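The values are calculated or read from the model by the stated rules, or taken from the named source; none is laboratory data. Note that this is a predicted model, so its numbers are computed, not measured. Virtual Cβ from ideal backbone geometry, glycine too; neighbours counted across all protein chains shown. What goes into the accessible areas is simple: the full protein's heavy atoms, side chains included, and nothing from ligands, DNA or RNA. Shrake-Rupley method; radii C 1.70, N 1.55, O 1.52, S 1.80 Å.
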Amino acid sequence: MEKKLFTIGNKEVKIPLVQGGMGIGVSLGGLAGAVAKEGGVGIISAAQIGYQEPDFYENPLKANQRAIHSELQKARKIAPDGIIGFNIMVAMNHYEEHVREVVAAGADIIVSGAGLPVDLPAYTEGSDIALAPIVSTEKSAKVILKYWDRKYKRTADLLVIEGPCAGGHLGFTPKQLEEFTPEVYDEEVKKILAIVRQYEEKYQTKIPVVLAGGIRTHEDYLHAISLGVDGIQVATRFVTTKECDAHENFKKAYLSAGQEDIQIVKSPVGMPGRAIRNPLMEHVGGGNRVPPTKCLGCVHTCKPAETPYCITEALIHAVKGELDEALLFCGAKAYEAKTIETVKEVVDSFQFF
């Protein structure tokens with residue numbers, strides 16, 4: 001089929017694929033570098049990225065800032081000419097500090113969601129790093145593009161539309177998750193694209209749009225393109241790859257999960273999320289609580305004295321393969337994973353051209 005490519009800064013993507021950021025520690029330099037090597041956009045998750053640093057529990061911010069540099073360097077060694085960036089959640093404490101550190105490290109792009117990144121342009125002023133907000137609805141697209149236009153006289157360099165079949169935290173209310181059937185959400189995507197076109201015309205520039213959420217196959221890719229987007233963002237499919245930075249037990253949890261094991265859970269962040277049912281989710285789902293061992297101040301929406309469990313601790317258990325105590329975020333179609341693949345095999349399966 002006809003090539004449908006776009007640029008990130010002064011670099012052209014070779015395949016219309018952005019790898020979704022997955023934290024804690026699921027998409028680090030290893031996975032992001034491997035995807036970038038194949039011509040896609042490799043994304044490192046900045047969420048508690050320094051969890052392996054020796055002083056993480058004493059000074060998480062400093063540990064995270066160091067790890068931003070080391071993980072980007074790791075990815076650059078794998079893909080020296082590739083496009084590599086970071087996913088930074090707006091809900092994180094020290095959001096500005098993380099953004100400025102990513103800019104200082106020399107990343108190509110910042111993808112930002114879990115809230116609208118209204119002040120992201122202010123924190124990156126003077127740099128040429130590309131900025132990509134994540135939106136899930138026509139309303140959120142209107143708000144962020146209008147705000148950046150009015151306050152910063154600029155627009156997005158890339159827009160990620162994350163649908164209701166995505167993994168991890170979801171930008172929808174529980175009611176919206178019920179209402180947005182695939183057919184209904186297709187129309188929402190078209191509405192978002194109409195908003196984007198207004199700002200393309202105003203700024204006389206192309207704003208590439210990628211669609212995310214439950215995208216696993218060549219047919220999913222073709223459907224996304226038929227809606228008018230320029231590419232896809234894929235996350236869950238890359239978990240069960242050799243290059244994924246998570247523990248093998250985490251990957252095996254995907255391979256053994258059935259469709260009935262994937263559920264919407266309430267996150268301590270205050271947003272609904274999608275995860276694999278396990279002992280921790282059953283425990284807290286029954287009204288029980290697992291008090292944090294030590295609050296690491298990860299997100300500003302969390303109330304440590306009230307939270308049913310610590311999301312940082314649960315996600316670190318996940319990436320380390322300690323499954324009974326873990327929060328196992330996943331996309332809606334994670335149960336379709338049957339084997340461990342290489343990143344190249346995943347990329348080739350999409351048959352982009």
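If you take the residues of the range 170-219 that are among the basic types (Lys, Arg) and within 22 Å of residue 353 (Cα to Cα), which of them is nearest to the chain's Cα centre (by Cα)?
The selected residue is 216.
Answer yes or no: is there a residue in the range 300-312 that is without any contact (Cβ under 8 Å) to a residue 60 or more places away in the chain, touching a Pro at 6+ places or on another chain (Cβ under 6 Å) and basic (Lys, Arg). Before you say what the answer is, go through the steps one by one.
First pass over the range 300-312, keeping only residues without any contact (Cβ under 8 Å) to a residue 60 or more places away in the chain: 302-311.
Next, from what is left, pick out any that are touching a Pro at 6+ places or on another chain (Cβ under 6 Å): 302, 304, 307, 310-311.
Adding the requirement that they be basic (Lys, Arg) leaves none.
No.
Only one residue in 156, 141 is open to solvent by less than 20 Å² (accessible area, probe 1.4 Å) and within 19 Å of residue 5 (Cβ to Cβ), so which one is that?
When all the criteria are applied, what remains is 156.
Hey, can you tell me all the residues within the range 57-84 that are closer than 20 Å to residue 312 by Cβ and either in contact (Cβ under 8 Å) with a residue 40 or more places away in the chain or assigned to a strand (DSSP E or B) (or both)?
Those that are closer than 20 Å to residue 312 by Cβ and either in contact (Cβ under 8 Å) with a residue 40 or more places away in the chain or assigned to a strand (DSSP E or B) (or both): 57, 60, 70, 71.
What is the one condition in (1) touching a Pro at 6+ places or on another chain (Cβ under 8 Å); (2) open to solvent by less than 20 Å² (accessible area, probe 1.4 Å); (3) part of a loop (DSSP other than H, G, I, E, B) that residue 185 does not satisfy?
Single failed check for residue 185: (3).
Out of the range 334-351, which residues are open to solvent by less than 50 Å² (accessible area, probe 1.4 Å) and either aliphatic (A, V, I, L, M) or modelled with pLDDT under 95 (or both)?
Residues satisfying the conditions are 334, 337, 343, 346, 347.
Kindly indicate whether residue 317 is within 25 Å of residue 241 (Cα to Cα) and part of a helix (DSSP H, G or I).
yes
Just to be sure I understand the filter: pairs with C-beta atoms under 6 Å, separated by 6 or more residues or on different chains, first member in the range 214-231 and farther than 15 Å from residue 351 by Cβ, second member open to solvent by 20 Å² or more (accessible area, probe 1.4 Å) and of a type in the set (Lys, Arg). Which pairs pass?
214/333; 230/4
Please state which one of 104, 46 is open to solvent by 30 Å² or more (accessible area, probe 1.4 Å) and of a type in the set (A, V, I, L, M). Give the steps one after another, and end with the answer.
Values: 46 fails: open to solvent by 30 Å² or more (accessible area, probe 1.4 Å).
Criteria check complete, one pass: 104.
Among the candidates 207, 264, 276, which residue alone is crowded, with 24+ Cβ neighbours inside 10 Å and at pLDDT 90 or above?
Of 207, 264, 276, the one residue that is crowded, with 24+ Cβ neighbours inside 10 Å and at pLDDT 90 or above is 276.
With respect to residue 59, determine if the residue is under 20 Å from the mean Cα position of the chain (by Cα) and either under 24 Å from residue 192 (Cα atoms) or open to solvent by 10 Å² or more (accessible area, probe 1.4 Å) (or both).
So residue 59 fails the test.
Answer yes or no as to whether residue 121 is part of a helix (DSSP H, G or I), buried (at least 17 other Cβ atoms within 10 Å of the Cβ), touching a helix residue (DSSP H, G or I) at 6+ places or on another chain (Cβ under 8 Å) and not aromatic (Phe, Trp, Tyr).
So residue 121 passes the test.
Restrict the check to the range 138-152 and report whether at least one residue is closer than 23 Å to residue 25 by Cα, at pLDDT 95 or above and not small (Gly, Ala, Ser).
no
What are the residues in the range 210-219 that are buried (at least 16 other Cβ atoms within 10 Å of the Cβ) and either out of contact with any strand residue (DSSP E or B) (no Cβ under 9 Å at 6 or more places or on another chain) or on the phi < 0 side of the Ramachandran plot (or both), if any? Working first, answer last.
As a first pass, look at the range 210-219 and keep what is buried (at least 16 other Cβ atoms within 10 Å of the Cβ): 210-216.
Residues satisfying the conditions are 210, 211, 212, 214, 215, 216.
Looking only at the range 220-257, count every residue that is farther than 25 Å from residue 161 by Cβ, open to solvent by 30 Å² or more (accessible area, probe 1.4 Å) and over 18 Å from the mean Cα position of the chain (by Cα) and tell me the total.
Count: 7.
Would you pick out the residues in the range 246-298 that are farther than 21 Å from residue 331 by Cβ, touching a helix residue (DSSP H, G or I) at 6+ places or on another chain (Cβ under 7 Å) and in a helix (DSSP H, G or I)?
Listed by number, the list holds a single entry, 279.
Kindly provide the set of residues from the range 297-315 that are surrounded by fewer than 21 Cβ atoms within 10 Å (Cβ to Cβ) and either of a type in the set (A, V, I, L, M) or touching a strand residue (DSSP E or B) at 6+ places or on another chain (Cβ under 8 Å) (or both), ordered by number.
Residues satisfying the conditions are 300, 305, 308.
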